[in-house]
1. When you go through Leu39, Leu124, Leu101, Leu59 one by one, which is the residue that is in contact with an Asp or Glu (Cβ under 7 Å, 6 or more places away or on another chain) and either under 23 Å from Gly210 (Cβ atoms) or at pLDDT 75 or above (or both)?
2. Among the candidates Leu267, Leu170, Leu186, single out the residue that is open to solvent by less than 60 Å² (accessible area, probe 1.4 Å), modelled with pLDDT under 80 and farther than 26 Å from Tyr118 by Cβ.
3. Taking His233, is it out of contact with any helix residue (DSSP H, G or I) (no Cβ under 9 Å at 6 or more places or on another chain) and at pLDDT below 80?
4. Considering (1) at pLDDT 85 or above; (2) closer than 20 Å to Tyr220 by Cα; (3) not acidic (Asp, Glu), say which one Tyr161 fails and leave the rest.
5. Quick one: Ser235 ticks every box in (1) surrounded by 12 or more Cβ atoms within 10 Å (Cβ to Cβ); (2) without any contact (Cβ under 8 Å) to a residue 60 or more places away in the chain except a single one, so which number is it?
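The values are calculated or read from the model by the stated rules, or taken from the named source; none is laboratory data. On a predicted model such as this, the values are computed, not experimentally measured, just so you know. Cβ: placed from backbone, ideal geometry, glycine included. Neighbour counts: every protein chain shown. We work out accessible area using only protein heavy atoms, side chains counted, and drop any ligands, DNA or RNA first. Shrake-Rupley method; radii C 1.70, N 1.55, O 1.52, S 1.80 Å.
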Amino acid sequence: MQTEATVGDRALSSAHGGGGLKYSARNQQQAQIGTVTNLLAGGVAGAVSKTCTAPLARLTILFQVQGMHADAVALRNASIWREASRIACEEGFRAFWRGNLVTIAHRLPYSSISFYAYERYKNLLQLVPGFDRHKDYVSADVGVRLVGGGLAGITAASITYPLDLVRTRLAAQTKKIYYRGISHALYSISRDEGIRGLYKGLGPTLLGVGPSIAISFSVYETLRSFWQFERPHDSAVLVSLTCGSLSGIAASTVICHLQVAIREEKLKV
């Protein structure tokens, strides 16, 4: 019976003039379109979120590197409101978004690469012995997400690191302006510090980015899966916003101290 069915299937496929091949090619094309959509969606989402949180991001950078430029008294008196008021009075309201253009230029490829690489690494890891039981064991599933997220973060950070370095240096500028923009910063760093200067601090960055993205993706997917299982009728937007916020807080909390060291390394000339 199996032989007859196989022969019949082959005859039907032949009668349709290679319809199976056309169907396969169509599926492949749809998969490629889906990949491009995911890349664009990830990049745009990263750019929009960074633009919305740019003022807080700049305050974070200034607080993290303040110890390099301030005395003990200034450090004791530091506060979010005091620093925000200083920026508004001395540099103007637009200064809260200083370095945001390069942030967007960095975030578009960074988010796209990390989202794309994460899915690809997950597919590869699910073939590895131990991880291939991810549907049966929670520990294997979490392991796939952690390792896949870490590898995706390292991949994206390595490719886009020069823009990340420029972003940090532009955002850390206060009264004295060293760099006038993205192209000037890239040129000045290359001229004064060499091409290797564009990758200064890459090692510590990868040590931080790997765990950060791993925790972020793992917490996000775990929370989202649990939420959708318990409350399947809740708004998808609400689920994504809440899980995304909590995953970001978890990742930032874990690597906070390492981020300070990373930013100080980037600002060394």
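1. Working: Leu39 fails: in contact with an Asp or Glu (Cβ under 7 Å, 6 or more places away or on another chain); Leu124 fails: in contact with an Asp or Glu (Cβ under 7 Å, 6 or more places away or on another chain); Leu101 fails: in contact with an Asp or Glu (Cβ under 7 Å, 6 or more places away or on another chain).
Result of the check over Leu39, Leu124, Leu101, Leu59: Leu59.
2. Result of the check over Leu267, Leu170, Leu186: Leu267.
3. No; evaluated as a whole, the condition is false for this residue.
4. The one condition Tyr161 does not meet is (2).
5. (1)
Each row is one residue, and each column tells you yes or no for (1) touching a Leu at 6+ places or on another chain (Cβ under 9 Å); (2) part of a helix (DSSP H, G or I).
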site: Val142; (1), (2): no, yes
site: Val147; (1), (2): yes, yes
site: Gly153; (1), (2): yes, yes
site: Ser158; (1), (2): yes, yes
site: Pro162; (1), (2): yes, yes
site: Arg169; (1), (2): yes, yes
site: Lys176; (1), (2): no, no
site: Asp192; (1), (2): no, yes
site: Leu198; (1), (2): yes, yes
